[in-house]
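Some notes on the structure that comes next.
All of the numbers you see were taken from the coordinates with simple rules; none came from a lab. Predicted, not measured: the structure shown is a model, and the values here were computed from it. Neighbour counts run over all protein chains shown; Cβ positions are idealised from the backbone, glycine included.
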Amino acid sequence: MPLVSTNVAGSPILSGMTDGPQVSPIPNAAPPPSDLPSGPPPNNEPRMVARVWLIAAIAALFVVSGLAGYLLNAASQWQMHSAQMDQVNIDLGAEVATLRTDLAGTQAELDAVRSQLSTAQERIIELANEKAQIGDQREYQRQLTDYQTRVTDAARLVAVRLEECIVGQQEIISLLATALNSGQTSPGIDDLIQQVDTVCGIAAEAHDNLQEEIGR
Amino acid sequence: MRRRGLLVASLTATVVLASCGVLPPMPGPVPTNYIPSVAPPPTLDPAILSADGMDATRRMAVRIRNVGCDSLSTGTGFAIDPNTLITNKHVVADSQYLQIQTYDGHDVTVTAASMATLADLAVVRITEQLPSFPQLSEEDPAPGETVVVVGYPNGGELTVTQGEVIRSTRDPLNENLGLVFLTSAAVEPGSSGSAALNSAGEVIGVVYAKNQRNQSLLVPVSTLRMLLADVTAFVPVGTCEVEPIN
């Protein structure tokens, strides 16, 4: 099969081992005539517009695709988050319910303890008052005992002085009896009478003081 | 043509960027702790509570027993610091010894007692420390002010009564220098020496008497402050000696 090449104009050119007559080459293209008038430049604007719109549409498609992907991912993430939060809320709700039950029980216990505390406080005040009243009674009894002791001591002293008075008076009586029988007055009887009178006066005064003290 | 393309591109970019601003963000991690970092304020003030639940008003009061040579009387006192009590002069006067008991029945030991020369006030020092004592008010009370009296009327239970300050007046007993205050708070014998407190719990006076209209009389806190600031204003309380009959 002979090699065939084609020129720009599409005319076949024979080359190589041919046994046909030699053909002179034909020029590829005739030069344009220089006297032909030049036309307006070709209008490429519609193609450019179409290209811009194409690029914009492709860009918009990318953007929308990206947004859609993002939104799908976000929706999925939020859905998972919502599910987790729901579970947390359920757990917290259960915990709140338990705590409310515990709180109600604790509140009831607190009310009971408050009531007991109030009762205990009242009892503390009562016991302190009872102790105070017993202390008052104790001090009153102690004062009374001291007073009775002092009265007893005073009565004993009055008794002693009255006894001294009586002894002195008996002595005077004895001396007067002797003098009456013998007809002679004993020397010193006047001094004795004065001494006994003094002793008896003291005894009488002590007796009066005692009576006055007892009568108060 | 190229400008229009740039305009369209820039508009598209602007719209895209603006739309990014309204896009919902991705969710954060689920919180693991829902307890607030700042604790809520307590609903109860622990300062007003004591071990036995008694309030400070009662814990500062004491019952004073004046054991005389031939008499026995009771009055009230209150702490102004852990070891110092305030009461009336006539509560501690003419005593053989004093016996003091706290609100809960504990006995405390008296180490010294002194009385004012110009007012019906006395200071008693004790060994044990009292758990509570009020602050002295900076000013005397105004008419209409609430007054709370804590004391042992008739030597009985610790009692809290409330009234209002009526007015200041001259001392009808002539035992106090300056004016005294008249209040509607009910008191009885045995309430002498009680602290009169205002609504803030501060001492505004010391009860020392009552009149026939059941109104109580207070030594004002200004007198108490003035005397406490003067070390020479108090003299030791004299004690009586039991004398034998005859």
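In sequence order, the range A:157-165 has phi-based couplings of 5, 4, 4, 4, 6, 5, 5, 4, 5 Hz under the Karplus curve 6.51 cos²θ - 1.76 cosθ + 1.60, θ = phi - 60°, and Gly or Pro positions carry x.
Treating r as the C-beta distance of B:ALA229 and B:ALA200 and R0 as 22 Å, the FRET efficiency rounds to 0.50. Modelled spin-label separation between A:ALA204 and B:GLU139, with each label point placed 7 Å from Cα along the Cα-to-Cβ direction: 7.3 nm. Placing dummy labels 7 Å off each Cα toward the beta-carbon, the span from B:VAL30 to A:GLN194 is 12.5 nm.
The A:LEU103 and B:GLN129 beta-carbon pair, evaluated with R₀ = 30 Å, returns a calculated FRET efficiency of approximately 0.20.
Using packing as a proxy for protection, rank A:143-156, B:221-234, A:95-108, B:86-99 so that the peptide with the highest average count of other Cβ atoms within 10 Å comes first.
On the way: A:143-156: 13.5, B:221-234: 16.2, A:95-108: 10.6, B:86-99: 21.9.
Packing order, densest peptide first, comes out as B:86-99, B:221-234, A:143-156, A:95-108.
Rounded to the nearest whole Hz, the Karplus-based 3J(HN,Hα) values (6.51 cos²θ - 1.76 cosθ + 1.60, θ = phi - 60°) of the range B:108-119 follow the sequence 10, 9, 7, 9, 7, 9, 9, 10, 6, 8, 10, 7, with x at glycine and proline.
Between A:GLN148 and A:LEU54, the modelled labels are 13.5 nm apart [label points 7 Å from Cα along Cα→Cβ]. Just name one of B:ASN214, B:PRO153, B:THR169: the one whose Cα is farthest towards the positive end of the charge dipole of the range B:146-222 (beta-carbon charges, Lys/Arg +1, Asp/Glu -1). Ranked along the dipole, the leading option is B:THR169. Of the peptides A:198-209, A:76-87, the ranking by mean beta-carbon count within 10 Å, highest at the top, reads A:198-209, A:76-87. Taking the charge dipole of the range A:143-215 about its Cα centre, with +1 at Lys and Arg Cβ atoms and -1 at Asp and Glu Cβ atoms, the residue from A:LEU180, A:THR145, A:ILE193 reaching farthest to the positive side is A:LEU180. The Cα-based radius of gyration of the range A:109-187, divided by its Kirkwood radius, gives an Rg/Rh of 1.75. When the Gaussian network model of chain B links Cα atoms closer than 10 Å, the mean-square fluctuations of B:VAL38, B:VAL124, B:VAL149 top out at B:VAL38.
Ranked from highest to lowest mean number of other Cβ atoms within 10 Å per residue, what is the order of the peptides B:23-31, B:203-211? List each step's numbers first, then the result.
On the way: B:23-31: 10.4, B:203-211: 24.3.
Most protected by this proxy first, the peptides run B:203-211, B:23-31.
Per residue of peptide A:125-136, the mean number of Cβ atoms on other chains within 10 Å of the residue Cβ is 6.
For the residues B:SER37, B:SER132, B:SER216, a GNM of chain B with alpha-carbon springs under 10 Å puts the largest fluctuation on B:SER37. Charge dipole (Cα centre; +1 on Lys/Arg Cβ, -1 on Asp/Glu Cβ; no other charges) of the range A:143-215 amounts to roughly 180 debye.
State to the nearest 20 debye the size of the charge dipole of the range B:146-222 about its Cα centre, where the only charges are +1 on K and R beta carbons and -1 on D and E beta carbons.
Values: 4 positive and 6 negative charges, 45 e Å.
Dipole of the range B:146-222, to the nearest 20 debye: 220 debye.
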